[in-house]
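Working notes, beginning with the structure itself.
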Amino acid sequence: MTNATGNETDLTHNYFYDDSIYEKGDLLYYIVYPILVPVGVIGNFMSFVIFIQLSQSSSFFLYLSILSLSDLAFIIVGAMMGWIEVLRNNLFYEDISSFLCSAKYALVFVFSQFSSWIIVAVTVDRFIAVCFPFKVTEYCTRRRTAMTSLFLFLIICGINFPNICFKWENDECVYPEITFEYCLQYSIMIDLMVYFVAPVSLICVLNIITLRMLYGALKRRRRLVNRDPKNDSDGPNITDEDSTKQTIAMLLVVSGVYVITSLPMAYGSMIVLMEGAQHSTDADTYLVNVILELSNTINHSTNFILYGISGSTFRQKLFQMLRTCLRRQKDGKESSSSIIHSTNTASTSEDDRNRSQSIATIELNDVQLQTF
């Protein structure tokens, strides 16, 4: 519920006051979110740890580490807080200020849009690597990756900054005139363009060009190999070919799932734009909104699984990390047992020493008595 100077809005939603509206939608929160939220938090954290190690060799993995961090932030700020809100019967917002509530609302937009544009940046990175291989050392560097990610994040923060409300009166936000029009009339359209239309268009175009160039390069490479059967470099060529295929496969899987899971949210935004200010507040509408949020959450929670399916390097690093953790845990238990054993041994040696000294003292006393 918002208003501006000289303006009042009738966009009042009674979701928080009508319990019947939650009957269908909350069931998904109770069943699906307890699975998605832990998987998203743990999976994105492990992905970030793995990719930040692999990023020493490629800007591609640095982009994926930033994507994992952005998805993790979205899960915590958006999905987890929404889940807690439902579990606590919508009492969550009573515990925080109205400013933090609006800031949380803006951050959900920021991290979702930032993740989509990081996927665009990854697509551009692989496009350059395939189509302009001699430019890789110039453009696909870790420094350019960090600067590009920071630039995208700042722009997206600036786009969504007007959604934060700094002035409240009687639990209602008072926006300036320009901000009021922006937030109520253009924010949905801007989010649709920034989150879905522009990223999906760029991803589709660049992936099509990349696949065509990659297919042509593979055909030429195989033609050269077939012409020279005694070529000793067949092994390295096959290895490079497999590595390129795996990288492109991971990119296509991640970007493809992003496009598919973003379609429901884009559809919902277009419906809102076509309906204008006519918003219904029945249970079916709330259920549709929950499904849209659920599809968006799946987009940010399942990348960890997609990395493992499409990338052998990620799987190897993951198994190596798990083995290292198990080995450290086993070594910790063994060291604890050895410390306890050495402590018991020391105590036993101390007791034996004391007993020997006591026996020696008694024998000395006997000798002195006999002498006396």
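The values are calculated or read from the model by the stated rules, or taken from the named source; none is laboratory data. Predicted model only: the values in this text are computed from it and were never measured. Using ideal geometry, Cβ is built from the backbone for each residue, glycine included, and neighbour counts are taken over all protein chains shown.
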Given the options 251, 273, 287, 218, name the one that is over 32 Å from the mean Cα position of the chain (by Cα), modelled with pLDDT under 80 and assigned to a helix (DSSP H, G or I). 218
Selection from the range 116-171 of residues that are under 22 Å from residue 201 (Cβ atoms) and aromatic (Phe, Trp, Tyr): 117, 127, 132, 139, 151, 153
I'm checking my understanding of the structure. Among residues of the range 9-50 that are modelled with pLDDT of 90 or more and among the aromatic types (Phe, Trp, Tyr), which one is nearest to residue 301 (Cα to Cα)? 45
Please enumerate the residues belonging to the range 51-109 that are at pLDDT 85 or above and over 30 Å from residue 249 (Cβ atoms). 77, 106, 107, 108, 109
Picked from the range 180-193 (must be modelled with pLDDT of 80 or more and of a type in the set (A, V, I, L, M)), the residue surrounded by the most Cβ atoms within 10 Å (Cβ to Cβ) is 192
Where residue 317 falls short, out of the listed (1) over 30 Å from residue 59 (Cα atoms); (2) among the basic types (Lys, Arg); (3) modelled with pLDDT of 80 or more: (1)
Name the residue, out of 309, 339, that is at pLDDT below 80, under 30 Å from residue 66 (Cβ atoms), β-branched (Val, Ile, Thr) and assigned to a helix (DSSP H, G or I). 309
Name, by its number, the condition in (1) surrounded by 14 or more Cβ atoms within 10 Å (Cβ to Cβ); (2) at pLDDT below 75 that does not hold for residue 177. (1)
One residue is enough: does the range 133-148 have a residue meeting the conditions of a type outside the set (Val, Ile, Thr), modelled with pLDDT under 90, in a helix (DSSP H, G or I) and crowded, with 18+ Cβ neighbours inside 10 Å? no
Breaking point among (1) at pLDDT 80 or above; (2) more than 17 Å from the chain's Cα centre (by Cα); (3) surrounded by 12 or more Cβ atoms within 10 Å (Cβ to Cβ), for residue 293: (2)
